Amino acid sequence: MPNRRQVLTLGAAIVAFDALGVGWVTQAQADTGAKGLPVPRLDGELVTDVAALAEAADDYGQIAHRRPRAVLRPGSVSDVVKVVRFAAEHGIPVAARGQGHSTFGQAQAPGGVVIDSRTLATVHRVSARGVVVDAGATWVEVTKAALAARLTPPVATDYLGLSVGGTLSVGGIGGATSRHGLVVDTVRELEVVTGDGRLVRCSPTVERELFDAVLGGLGQYGVIVRATLDLVSASTTARIYHLTYPDLRSMTAAQRIALADGRFDYLEGQVVWSGTGWSYLLEGGVYHSASAPDDRAVVRGLPAAAKTEITAMPYFDWLNRVYAVVEQLRPLKFPNPWLNLFLPDRATDSYIEKLLATLTPADTGGGPILLYPFTRRRLTRPMVSVPDSPVVFILSILRMVAPPDEAVVRKLLVDNRSAYDKAVAVGGTQYPIGSIPSRPGDWQRHYGSAYGRVRRLKNRFDPRGILAPEQGIF
Ligand SMILES: Cc1cc2nc3c(=O)[nH]c(=O)nc-3n(C[C@H](O)[C@H](O)[C@H](O)COP(=O)(O)OP(=O)(O)OC[C@H]3O[C@@H](n4cnc5c(N)ncnc54)[C@H](O)[C@@H]3O)c2cc1C
């Protein structure tokens, strides 16, 4: 005899889709006579319970909340194929959701199906030839598995709680981008369920068009279900150099020197409120296993800093340094109207100086402001749109509104839009993980001369236009 919970679960299982009436038909509704097109049998489950829909209408930003009508918890890749194919046949919107770390509803699918990729999260194989991993795994799992074989992904995002699939859909940036490019530049092969429900293996040599489309493709062309990623040999220790500068231009000058000579394995920077004004922190890391580097040699030739602090910690602890903080913040559900921009080198200093002249600590809510450069030629994936400049800076204002206040969020969204327009005017683009209210023409500008190709790829791989609708590109 099934117990009460099992009976409830069986009753809630979706068995059909009624395109003209209630939408998804549960077993319990079917038992009372509701009819519809039969939904394919699944290894996992398609659910419509209130808690699942509310979670899928939620993300780190706490600003956009658009409910799907169902959530797929796939039990197999074949479940993703069946549901995407079914959705394509009936024109139902679908969005894959990694960990929901977007901040403006990018992984939501109003009235459609959200694929909760957390149920497909196995790290399959680790070797010097790379790691084979399901897209729902997080970088914590991938990094731990790789380190067990003394290997590591070449580029880590600052926070390892992101999913592999979500990161590959946006790009994936971190301190090692200065050396190895974005996370998407370290991918060898993908398995993708296209928007018309085909499971396709793709790489730089096989089905290249799809490979290029989905990496940084913002979920538009397919659902990534599995990836093979580069690994490199791992060091045991991170030696971290914090150089504080009183002015922006000294810090960015130091970053440019360090970027050009590659002295750091990790290069980032922050704009920090000192209590009376902004100060500027270069953050560099040297990874090593045997003896520590000569500190004087590491900082030689950089503009003199007002303060230099050097610390050392185990390599994994360094990569995972912000995990505990995010775990504490996320349940508090503070709104996070983030602004993430790519700026051409030539415009960076004056853009940031003008922006900071109007910015107060209240505008960030204590959230960090990141600012660091990378070399454009290390970026190899065509869907990631960055300024046409040999050196590009990322500016991330990770605003937090605590306690939640709708009026403040509205004001900051207006500020984001204005900062974005000014960035575009000097040749900047957005890193599309943040909260910038969109206007018609934004995406044409974002992709520039590649926009025609973007449209062609959409027609080819997602002809019904069902995937990741909330990116608002088409
Ligand atoms: C605390 C925090 C720290 C962060 N740090 C960094 C950082 O250091 N570097 C960085 O680059 N980004 C960072 N981000 C942003 C993050 O990369 C993006 O939010 C990205 O979306 C990945 O997160 P996710 O796995 O939760 O994806 P989601 O937010 O769930 O999804 C993002 C987009 O990808 C699509 N998608 C998700 N999974 C798949 C899939 N399997 N196939 C196809 N499309 C898919 C979704 O539909 C959506 O459009 C951070 C975010 C937070 C909240």
### Task
Go through (1) open to solvent by 30 Å² or more (accessible area, probe 1.4 Å); (2) within 23 Å of Trp318 (Cα to Cα); (3) within 14 Å of the ligand (Cβ to nearest atom) and name the single condition Ala148 misses.
(3)
### Query
Taking the stretch 194-219 as the region of interest, how many residues are assigned to a loop (DSSP other than H, G, I, E, B), near the ligand (Cβ under 8 Å from one of its atoms) and open to solvent by less than 10 Å² (accessible area, probe 1.4 Å)?
2
### Query
Residue check: is Thr119 within 16 Å of the ligand (Cβ to nearest atom) and under 28 Å from Pro368 (Cβ atoms)?
no
### Task
Kindly check whether there is at least one residue in the stretch 82-94 that is within 11 Å of the ligand (Cβ to nearest atom), closer than 19 Å to Val170 by Cα and open to solvent by 40 Å² or more (accessible area, probe 1.4 Å).
no
### Task
Name the one entry in Arg118, Arg125 that is of a type in the set (D, E, K, R), in a helix (DSSP H, G or I) and either assigned by TED's automatic domain parsing to the domain that holds Ile224 or at pLDDT 95 or above (or both).
Arg118
### Task
Output yes when any residue across the stretch 95-109 is more than 13 Å from the ligand (Cβ to nearest atom), farther than 20 Å from Gly44 by Cα and modelled with pLDDT of 95 or more, and no when none is.
no
### Task
Could you tell me which numbered condition Thr276 fails, if it satisfies all but one of (1) among the polar types (S, T, N, Q); (2) touching a residue at least 12 places away in the same chain (Cβ under 8 Å); (3) in a loop (DSSP other than H, G, I, E, B)?
(2)
### Query
With respect to Tyr323, is the statement that it is in contact with a helix residue (DSSP H, G or I) (Cβ under 8 Å, 6 or more places away or on another chain), open to solvent by 10 Å² or more (accessible area, probe 1.4 Å) and within 16 Å of the ligand (Cβ to nearest atom) true?
yes
### Query
Can you tell me which residue in the stretch 170-193 is nearest to the chain's Cα centre (by Cα), limited to those that are away from the ligand (no atom under 12 Å from the Cβ) and polar (S, T, N, Q)?
Thr186
### Summary
By residue number, the members of the stretch 422-474 that are aliphatic (A, V, I, L, M), away from the ligand (no atom under 16 Å from the Cβ) and under 26 Å from Cys202 (Cβ atoms) are Ala450
### Task
For Pro153, work out the one condition from (1) surrounded by 18 or more Cβ atoms within 10 Å (Cβ to Cβ); (2) without any contact (Cβ under 8 Å) to a residue 24 or more places away in the chain it doesn't fulfil.
(2)
#### Entry: the stretch 338-375, subset over 28 Å from Ile257 (Cβ atoms) and more than 12 Å from the ligand (Cβ to nearest atom), residue surrounded by the most Cβ atoms within 10 Å (Cβ to Cβ)
Gly365
### Query
Right, Arg378: within 16 Å of the ligand (Cβ to nearest atom), within 22 Å of His446 (Cβ to Cβ), open to solvent by 20 Å² or more (accessible area, probe 1.4 Å) and assigned by TED's automatic domain parsing to the domain that holds Arg263 or not?
yes
### Task
Please enumerate the residues belonging to the stretch 381-401 that are open to solvent by 20 Å² or more (accessible area, probe 1.4 Å) and under 16 Å from Leu248 (Cβ atoms).
Val391
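The values are calculated or read from the model by the stated rules, or taken from the named source; none is laboratory data. Predicted model only: the values in this text are computed from it and were never measured. Here Cβ is always computed from backbone atoms with ideal geometry, including for glycine, and neighbour counts include all displayed protein chains. The accessibility values were calculated without ligands, DNA or RNA, using every heavy atom of the protein model including side chains. Shrake-Rupley method; radii C 1.70, N 1.55, O 1.52, S 1.80 Å.
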